[in-house]
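Okay, so here's the structure we're looking at.
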Amino acid sequence: MAGEAEPAKSPDMAPNDMTPNGMPSRVLLFGAPGSGKGTQAALLAERLGVPAISTGEMLRAAVAGGSALGRKVDAILAAGSLVDDATMGEVVRERLARADARRGFLLDGYPRTIPQAATLEEILRRHGAGLDAAILLEVPEAELVRRLTSRGREDDREDVVRERLRVFDEKTAPLIGYYQQRGLLRRVDGDRAVPDVADAILDTLRRAA
Ligand code: AP5
């Protein structure tokens, strides 16, 4: 039995395959705060038939629900800092083990550091799967600041936005080289109307198929 030959792999996740419409099914969206990751993940999840998994949303829900995780991360989110890699690894490991992520997912906001990228690889390897594409949404900084400061989320105060952008440059931008080396990086111009960005991502994924 395959399960006996490969005891480290979970039977919960199908090996890499395409969505029913022939598109890659294990995809992450990354980019600076305000680049449109959440907006695009929600749109594309519907088109691809896989769940959008936003670690930012999960953490905000934990804060709103007053769970132990929420109490731990509340001040970190408010300051625009990153939650530690070990905590995020637990959150994502548990989420990817759920049935709806079995055939694929759109990850929004994870990984954000090189150690998180290594953890994701390890989680997927245990499931006998791998990542299909890492989509980088590119948007000029002035437009990022404009979008965020006109939205009004709790962490969208201008000083916190500046800190989130700084943290992106320091901790998350190194993922560009990481995924380039693995042949998974796909750059998409995110400085366009929302539907045009979605079409560009779908074109990119079709070419990656
Ligand atoms: P998270 O929620 O991931 O925040 P973020 O990366 O700062 O991103 P945003 O949600 O602000 O922007 P987005 O790129 O998703 O753009 P969106 O579609 O919303 O994380 C929040 C916090 O949680 C982090 O700071 C950290 O503390 C913690 N965290 C999360 N994941 C973590 C991890 N892995 N490790 C450690 N800590 C973690 O759009 C933004 C705005 O622009 C919206 O108003 C939208 O309507 C608008 N917009 C979108 N697209 C367009 C467009 N094409 N044209 C015009 N406007 C647009």
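We did not get these values from a lab; they are worked out from the coordinates using the rules stated. Computed from a predicted model, the values in this text were never measured in an experiment. Cβ: placed from backbone, ideal geometry, glycine included. Neighbour counts: every protein chain shown.
Structure notes:
- Arranged from fewest to most other beta-carbon atoms within 10 Å of their beta carbon, TYR178, TYR110 become TYR178, TYR110.
- If both residues of a DSSP beta bridge must be in the chain, then about 5% of such bridges are antiparallel.
- Degrees, to the nearest 10: 37-48 long Cα axis against longest axis of the chain: 30 degrees
- Note on the chain: with a GNM built from Cα contacts shorter than 10 Å, the maximum mean-square fluctuation among ALA52, ALA86, ALA198 falls on ALA86.
- Overall form of the stretch 104-144 per C-alpha gyration tensor (a/c, 1.5; a/b vs b/c): prolate
- Of GLN180, GLN116, GLN40, the one that fluctuates the most in a GNM where the chain has Cα springs shorter than 10 Å: GLN180
- Estimated at 0.36 nm per residue, the fully extended path between ASP189 and ASP159 surpasses their Cα-Cα distance by 8.2 nm.
- Gyration tensor analysis over the Cα atoms of the stretch 102-209 returns equivalent ellipsoid semi-axes of 26, 18, 13 Å (largest first, whole Å).
- Anisotropy class of the chain from Cα gyration tensor, a/c 1.5 cut: oblate
- In the chain, the DSSP-assigned H stretches of four residues or longer account for a calculated mean residue ellipticity at 222 nm of -15000 deg cm²/dmol, using -39500 (n - 2.57) per stretch and the full residue count as denominator.
- Sorted fewest first by neighbouring Cβ atoms within 10 angstrom, LYS37, LYS171, LYS72 come out as LYS72, LYS171, LYS37.
- Each peptide in 25-34, 187-196 was scored by the mean count of other Cβ atoms within 10 Å over its residues; highest first, the order is 25-34, 187-196.
- Net length available on complete extension from ALA173 to SER150 is 5.9 nm, with 0.36 nm assigned per residue and the Cα-Cα distance removed.
- In the chain, the longest principal axis of the Cα atoms and the axis of helix 68-79 are about 40 degrees apart.
- Across the chain, Cα pairs under 8 Å and at least six residues apart give a relative contact order of 33 percent.
- With an a/c value of 1.5 or above and a/b not larger than b/c for the gyration tensor axes a ≥ b ≥ c computed over the alpha-carbon atoms, the stretch 149-207 is described as oblate.
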